[in-house]
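S.K.: Questions regarding the structure given below will be posed in turn.
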Amino acid sequence: MRHALAQITGVLRRMFESKLAGSINILVIGIALSLPAGMYVLLQNAQGLVAQISGAPQISLFLDMDAKTDDADNLGKQLALHPTIASVEFVARAQALEQLKQSTGLADVIGGLNRNPLPDAFIVHPKPGTAQSLDALRVELAKLPKVEQAQLDSAWAYKLEALLKFGRMLVLILAGLLSLALVAVTFNTIRLQILTQREEIEVAKLIGATNGFIRRPFLYFGALQGLLGGIAAWLIISLSLLLLNWQLSALSELYASQFALHPLSPGDSLTLLLFSMYLGWLGAWLSVARHLSQIELR
Amino acid sequence: MIKFNQVNKRYPGGYQALKNVTFDIAEGEMVFLTGHSGAGKSTLLKLIAAIERPNLGSVLVNNQNVGVLKERALPYLRRNLGIIFQDHKLLFDRSAFDNVMLPLQICGFDYRESHKRARAALDKVGLLKREKSSPIALSGGEQQRLCIARAIVNRPAILLADEPTGNLDAEYAHEIMAIFKSFHQVGVTLLISTHDESVLQDTGVRVLNLRQGELQPASPFATSGGSGQAASTGSGQA
């Protein structure tokens, strides 16, 4: 146990000896990892936003401007009986104008209008279904008499969802490529270390060290370097989000809304660190497997 | 303890380092291996530690055929051997003490016990006061003794020494021979290679003489060196 500890302190000592080269390596790993991980964070935020907005899709049904109150009543009854509709809300044109006045601060402009430009409307809450079934319902409702237009409010959300899927694929590809780069960086670092410690490895082999004993410090080193790279990536992402949120708060103040990017969740942070640690270990393992056997005893 | 049977070693490129070498070293015996440089002494020692493998014949150490040992088994063979290398093979990035600790770390000894043993080994070769020095600060003789301390620290049954007095002056050489004799007295099997016959004087131990890879029936160096008692071993004797 104490010997393993001695091996680890040896690894740390070696790491601190090569301050510059070591920190450059860690920075390279950190930057490489922060790209896909940062994109992932942005995607998570966008997805959260989409879920928030399109949580319950609804269909807005705008009636003809000349529709009478009776027409609206009839339509309301009809809609309430529809099998794929959960509930219906009627918004009278006067009520809609009032809401518009209050919510947008355009009271002056609206007050200047000599007649109400808004039609009567129904807000239809469909029962949960797929994008296709919702669209079918929208088409069906649009054909009803006295209906001017049926609008599926979450249509853009589905488009965004498709865009997010594309983004996720991009993150995956980027993560795959940059993980490969991380493994390559570690592979090379360990290769150089094996070369410089050739003598030590040779002596250890000659006095009865198992391959496992010789391999271990290199694997520790790879894992540690990967972990530090992961921490660097985490710091880069957190710092970037801090800067972005600072700018966003100025922006959202103008829009009188509260919007901020969420940082990496504790679970995702842990995953990032473990993953980078694993990649470092893997790079070291590959390098050791490749290069240790090339050391010939003399 | 160590048994060579019709051993041939040819290096890639065709150089024949050992030809039909056969001998037997009993447990607790102290044997010298002599011959000019290039006679095959180092090769013979390397075959015992399985650093090289024979092309023909068998090398038995402790009744184990080391020539056919699997790579995985080699570390455990080498832990039973103490090897003193011609070029010392000390590590200059750590203290003398840490150099001696290395074999114990490799074997996974208890930490406190290793400390005791390492200091005892350094004491045995008279280097306890220099334990914190880097090997580079040690003289040639001290480096050689440090190498011995490292070889004996895990108390191996067999000690192999390749030219341990190679480039030391006579006084240092005798000191080191005295250390070897003390190991011999406690029952360690020793095989010591040397091209320097002067150290063989008054030793009265057995001598294996190699010439161009062949074991000589009698040892002219030992006898001309004034040690008539040095028993010679023919290649047929086992």
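Residue by residue, here is whether (1) more than 8 Å from chain A (Cβ to nearest Cβ); (2) among the polar types (S, T, N, Q) holds:
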| position | (1), (2) |
| --- | --- |
| B:Leu33 | yes, no |
| B:His36 | yes, no |
| B:Ala49 | no, no |
| B:Gly67 | yes, no |
| B:Ile84 | yes, no |
| B:His88 | yes, no |
| B:Gln105 | no, yes |
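S.K.: Which one is farthest from the other protein chains (Cβ to nearest Cβ) among residues in segment A:14-24 that are modelled with pLDDT under 75 and assigned to a helix (DSSP H, G or I)?
M.R.: The initial filter retains those residues of segment A:14-24 that are modelled with pLDDT under 75, namely A:14-19.
Now drop any that are not assigned to a helix (DSSP H, G or I), which leaves A:14-17, A:19.
Details: A:Arg14: 9, A:Met15: 15, A:Phe16: 14, A:Glu17: 10, A:Lys19: 17 Å.
Selected residue: A:Lys19.
S.K.: Here are B:Asn99, B:Asn154: which of them is part of a loop (DSSP other than H, G, I, E, B) and either within 14 Å of chain A (Cβ to nearest Cβ) or of a type in the set (Asp, Glu) (or both)?
M.R.: Values: B:Asn99 fails: part of a loop (DSSP other than H, G, I, E, B).
Answer to the check: B:Asn154.
S.K.: Taking segment A:248-293, which residues are exposed (fewer than 10 other Cβ atoms within 10 Å of the Cβ) and not in a loop (DSSP other than H, G, I, E, B)?
M.R.: If the condition is that a residue be exposed (fewer than 10 other Cβ atoms within 10 Å of the Cβ) and not in a loop (DSSP other than H, G, I, E, B), then A:Ala250, A:Leu254, A:Pro266, A:Gly267 are the ones that fit.
S.K.: Please work out if B:Glu131 is among the charged types (D, E, K, R), more than 14 Å from chain A (Cβ to nearest Cβ) and in contact with a strand residue (DSSP E or B) (Cβ under 8 Å, 6 or more places away or on another chain).
M.R.: no
S.K.: Of all residues in segment A:206-263, which are touching a residue at least 12 places away in the same chain (Cβ under 8 Å), within 14 Å of chain B (Cβ to nearest Cβ) and over 20 Å from A:Lys19 (Cα atoms)?
M.R.: If the condition is that a residue be touching a residue at least 12 places away in the same chain (Cβ under 8 Å), within 14 Å of chain B (Cβ to nearest Cβ) and over 20 Å from A:Lys19 (Cα atoms), then A:Leu206, A:Asn211, A:Ile214, A:Arg215, A:Arg216 are the ones that fit.
S.K.: Next question. Does A:Ile201 satisfy the criteria of being surrounded by 14 or more Cβ atoms within 10 Å (Cβ to Cβ), within 14 Å of chain B (Cβ to nearest Cβ) and among the aliphatic types (A, V, I, L, M)? Even if it seems obvious, please write down each step before you answer.
M.R.: Numbers: surrounded by 14 or more Cβ atoms within 10 Å (Cβ to Cβ): yes; within 14 Å of chain B (Cβ to nearest Cβ): yes; among the aliphatic types (A, V, I, L, M): yes.
Yes.
S.K.: May I ask you to list the residues in segment B:192-227 that are of a type in the set (Val, Ile, Thr), assigned to a helix (DSSP H, G or I) and either buried (at least 19 other Cβ atoms within 10 Å of the Cβ) or modelled with pLDDT of 90 or more (or both)?
M.R.: Result: B:Val199, single match.
S.K.: Okay, next question. Inside segment A:264-298, can you point out the residues that are within 14 Å of another protein chain (Cβ to nearest Cβ) and among the β-branched types (Val, Ile, Thr)?
M.R.: Of everything in segment A:264-298, just one residue is within 14 Å of another protein chain (Cβ to nearest Cβ) and among the β-branched types (Val, Ile, Thr), namely A:Ile295.
S.K.: Hey, could you check segment B:1-25 for residues that are assigned to a loop (DSSP other than H, G, I, E, B) and without any contact (Cβ under 8 Å) to a residue 60 or more places away in the chain and say which is nearest to B:Phe183 (Cα to Cα)?
M.R.: Top of the filtered list is B:Tyr11.
S.K.: Looking at the structure I just gave you, is A:Val50 under 30 Å from A:Leu261 (Cα atoms) and at pLDDT below 85?
M.R.: yes
S.K.: Of A:Leu144, A:Leu180, A:Leu174, A:Leu192, which residue is at pLDDT below 85 and away from every other protein chain (no Cβ under 14 Å)?
M.R.: Just one listed residue meets the conditions, A:Leu144.
The values are calculated or read from the model by the stated rules, or taken from the named source; none is laboratory data. The structure displayed is predicted, hence computed values, not measured ones. Cβ sites come from the backbone with ideal geometry, for glycine too, and all protein chains shown count toward neighbours.
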